[in-house]
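Asker: Got a structure for you, questions after.
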Amino acid sequence: MRYGFFSSSCLRALVLALFGLLPLLVRAHPAQADGFRAQLSRSVAVRGAPLPYSAIVDVTPRGPTRLGIRILLDLRYLQRNAPGLLSTVLDETCNHKYAIAVADAGASGPSVTLRGQFQAKFFTCNTSDPKVHYRGPLALGQNLNVAASAAAVVRGRCLHLRMTGLDTDLAGLIGDIADLTGLDDKAHELVLTRGNEVLSRHPICPELPPELAGLDPRFFGGGTTELGKGGVGAYLDGSIDVSAATLLDLVEVMIERDLLEGIE
Amino acid sequence: MLLPLARALGLVCLCAAPAAARDVSFSVNSTLKTETNEIPYSAQITLSDAGASRVGFHSRADLRQFQAVLPEMLSLDLNQTCRAHLELGMEQVRARNDALDLSGRISAALYECEGLRTDPATRGAAIYQQGLTLELTAAAVLEDQCLFIRVDQVALTPDRPTAIDLDLEQEVLERARALAGAAAEILSRVPICPDFPPELRALDAKLQKGGTEDIGSGHLGAYLEGHIDVSPSAIVALLNALQHRGVLPPRP
């Protein structure tokens, strides 16, 4: 997985976060005639199936001794598969089961929204033992429509996603007010707290081709963005300081790749 | 050697022992362009770290093939008129330090010629014949980022002194000098310029000095020295060259 952008759990966390949506400023990044652009095609195995995604790397002059670099990740294939990738049981004991059923994900400008249902089921059971075979019949079922928003920050060369808010909407009318209040809190706790715990352990750290990685780019910004209509993307912005060593590095690559006839 | 030991012990002060500047070397095959031909040559180019945004450039070219064609290129039969016939046979070209020594033979003949006729077919009897040894010394000068070989000394030695007619001898010397000048002019019109492989053409090398040199046994070589200013656009150009050659992934 040398070139994998995400581990599978990282990927899930990412998509979860993208559903969450955060307003991030994304400027258009027009291809410049004097720039370098390359497309990286990768795939990552999630729940046993390879999921393709692509990244576009742009490198453009940004001042007398500096290059700007942007890596734009196209996550639309993952976005389409979000329901299967992200729907999961969040917490389960003998007497309750909390799950998230993801319906769809989408981007609007810099914001990414993840919509679905937070599902709670309560069973007759006298123990909090996680084993469910002591479980009695279903006592109460309650669903909340949820919409999560997320934000991204850059640390090092990695993009860290974090859910920043969760809007809930009562879907059914069963249960008293106390139950509903408790459920709302539980949804926030499980989706935001536990979701963010997962996200914080799985930053997005794009692997660049070694010839580019050797230029030692430093990333200082990034976020999520809309690709096409509603498509989910993410980007990292950084810079490369150019020096004599940068040029010599690239000439050495040319010699190593036999584009130049090297002399010892 | 004490230096590696001292370095291992961390005892070497950078100011005392100039750190070996990092450099990379490669060879390039190129051509010199004469007015009628292209003469292949190879050069070794060394690029070195010469400051934060400056790369030193040093090229050493092996010009033996150019040297080999010079005798024929500079042998001339340009001076055929009603009055005179001079031929230059360039025989030897040798590099000597930073100079180029050329030597050859001129055969000259003057004829009777009426009025202002120019056609050799109208000439009369030969009135004076002389053989001369021509020796030229040339040096390379840097102009417009290329080297040009300029003749700076011309020596003409008649085979036999003649006291019969000093005017005729003087005329032959003047015509021979003009012939030597024509050869020097041809030599000076072959620029020796730095040439990069296609992948590095975007780099803008600025030459600061250069010259010809003896690369052994009088064989002709040339060196060019200068620098390349490292700019972001130069780096982008190298990335695009790597992409063009398939080292980096393609554009979308």
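Throughout, read-outs are computed from the coordinates displayed, never taken from laboratory work. These numbers were taken from a predicted model, which means no experiment stands behind them. Using ideal geometry, Cβ is built from the backbone for each residue, glycine included, and neighbour counts are taken over all protein chains shown.
Asker: What angle, in degrees between 0 and 90 and rounded to the nearest 10, separates the Cα long axis of helix B:232-244 from the longest principal axis of the Cα atoms of chain B?
Answerer: Taking Cα atoms only, the helix is inclined about 90 degrees.
Asker: Then there's this: So if we plug the beta-carbon distance of residue B:188 and residue A:218 into 1/(1 + (r/R0)^6) with R0 = 56 Å, what FRET efficiency do we get, rounded to 0.05?
Answerer: Numbers: r = 52 Å, r/R0 = 0.93.
About 0.60, to the nearest 0.05.
Asker: Dimensions of chain B along principal axes (Cα, Å, largest first)?
Answerer: If we take the Cα atoms of chain B, the spans are 85, 55, 24 Å.
Asker: Taking all pairs of distinct Cα atoms, average 1/r, flip it, and tell me the Kirkwood hydrodynamic radius of region B:66-188 in Å to one decimal place. The partial results should precede the final answer.
Answerer: Values: mean 1/r = 0.0649 Å⁻¹.
This gives a value of 15.4 Å.
Asker: While we're on this one: Which entries in A:97/A:131; B:33/B:209; B:33/B:206 show an alpha-carbon gap greater than 18 Å? Could the numbers behind the result be given before it?
Answerer: Values: A:97/A:131 11 Å; B:33/B:209 21 Å; B:33/B:206 20 Å.
Beyond 18 Å: B:33/B:209; B:33/B:206.
Asker: Pop the C-beta distance of residue A:89 and residue A:62 into the FRET formula with R0 = 35 Å and round what comes out to the nearest 0.05. Mind dumping the intermediate values first?
Answerer: Details: r = 47 Å, r/R0 = 1.34.
That pair, residue A:89 with residue A:62, gives E of 0.15.
Asker: Scan around residue B:128 for amide H atoms under 5 Å from its own, H built in the peptide plane at 1.01 Å from N, and keep only partners 5 or more places away or cross-chain.
Answerer: B:110
Asker: Considering the zone a paramagnetic label at residue B:78 would reach in this model (a point 7 Å from Cα along the Cα-to-Cβ line), which residues of region B:178-196 have amide N under 20 Å from it?
Answerer: Correct set: B:178-192.
Asker: With springs only between Cα atoms under 10 Å apart, run a GNM on chain B and tell me which of B:195, B:119, B:152 wobbles the most.
Answerer: Sorting by GNM fluctuation, first place goes to B:119.
Asker: Estimate the FRET efficiency between residue B:145 and residue B:118 by the formula 1/(1 + (r/R0)^6), using the beta-carbon distance for r and 45 Å for R0, to the nearest 0.05.
Answerer: Working: r = 41 Å, r/R0 = 0.92.
FRET efficiency, residue B:145 to residue B:118: 0.60.
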